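The next block holds one structure in the form of structure tokens; read it before the comments.
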Amino acid sequence: MTTYHDHIGVGFRSPHTDYFHSEKPPLSWLEIHSENYFQPNSAARHSLQHLANDYQISCHGIGLSLGSVERVNKQHLAQLKQLVDDIQPIMVSDHLSWSENGGHYFNDLLPLPYTEEALDVFCRNVQDVQDTLKRPLLIENPSSYLKFNHSTIPEWEFLTEVQKQTDCRLLLDLNNIYVSAFNHGFDCQTYLNAINPESVDEIHLAGFTIKQLEKGDIWIDTHSHPVSDEVWNLYQAWITQHGSRHTLIEWDLDIPAPEVLLREADKANQILQTTLLHRTLQNRTLQNRTLQNREAS
């Protein structure tokens, strides 16, 4: 049986409920979509409470709509707080996006115009959530397929400024960076170099879909395929440079058998363990050389 590093987790989805309850794969944590568990007396909430006996839980939201001009919906935030107080998750996260306007909710995480005005609104809403939850919120970088002509701030600078102004934490989705880099024509490393690694608490890994259109291909963050080799390479390079973080495998559409999901977790686990061992050996070598130089002098 695989021995997983404590930082390796998977996104928990309802088709896998029976498997996780009966087989109890030896992961240390699972990530849920918060809104699916808002009702305190629902079967889903009771199932989650049982899972919480065996796994640490992370609450990943898709409905706070932090980029909306209106303040965060009070009922939504109250339900999130009740869930967080009940489950005591290791992390609570949401997205650099918006999905509500004037009481109308959209079934997508929509991109922001990256302007000073949008930055003020986003930071205000993040601070409202953190003040209510009494804990830092993790903000995830989005995947996007269009951008606003009147944006004045690169996404990576906007996200960095949100973190500085609110003291939130970051959820670095490497697949989203890879997808958006293709769609908008920037370099992944430009994005990653702008992110303070000390602000990153979690990494997401997932698969994407290539859609062919008349005017060219577009890459879509569908979470319906295995992680691409290129995203695995980004992950290995990042943790080689910055060390381990909570790492999640996401798979939301065309959900496979749990064994397939766990094979992706196995890959992340192997990369993480091998990379950390290599870092440890390198550090020991450097320490030994330093010691030898001191003795020689």
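Overview of values
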read-out: Single condition residue 107 does not satisfy, out of (1) at pLDDT below 95; (2) over 21 Å from residue 39 (Cα atoms); (3) of a type outside the set (Phe, Trp, Tyr); value: (2)
read-out: From the options 276, 291, 261, residue that is at pLDDT 95 or above and among the hydrophobic types (A, V, I, L, M, F, W, C); value: 261
read-out: Strands (runs of 3 or more DSSP E) (entirely within region 190-296) containing at least 2 residues that are over 20 Å from the mean Cα position of the chain (by Cα); value: 209-213, 216-220
read-out: Any chance residue 71 is outside any helix (DSSP H, G or I) and either in contact with a helix residue (DSSP H, G or I) (Cβ under 7 Å, 6 or more places away or on another chain) or at pLDDT below 95 (or both); value: yes
read-out: Strands (runs of 3 or more DSSP E) contained in region 76-124 and holding at least 3 residues surrounded by fewer than 18 Cβ atoms within 10 Å (Cβ to Cβ); value: 104-110
read-out: Selection status of residue 180, surrounded by 14 or more Cβ atoms within 10 Å (Cβ to Cβ), within 20 Å of residue 122 (Cα to Cα) and of a type in the set (Gly, Ala, Ser); value: no
read-out: Pair list, Cβ < 8 Å and 6+ apart or interchain, from region 165-189 residues that are of a type in the set (S, T, N, Q) to residues that are at pLDDT 95 or above and in a strand (DSSP E or B); value: 175/204; 175/205; 176/140; 176/204
read-out: Test: residue in region 165-180 that is at pLDDT 95 or above and part of a loop (DSSP other than H, G, I, E, B); value: yes
read-out: Residue 254 at positive phi and out of contact with any helix residue (DSSP H, G or I) (no Cβ under 9 Å at 6 or more places or on another chain); value: yes
read-out: Residue match in region 141-160 (condition: at positive phi and assigned to a loop (DSSP other than H, G, I, E, B)); value: no
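The values are calculated or read from the model by the stated rules, or taken from the named source; none is laboratory data. Quick caveat: nothing in here was measured; it's all calculated off a predicted structure. Neighbour counts are summed over all protein chains in view; Cβ atoms, including those assigned to glycine, are modelled from backbone coordinates with ideal geometry.
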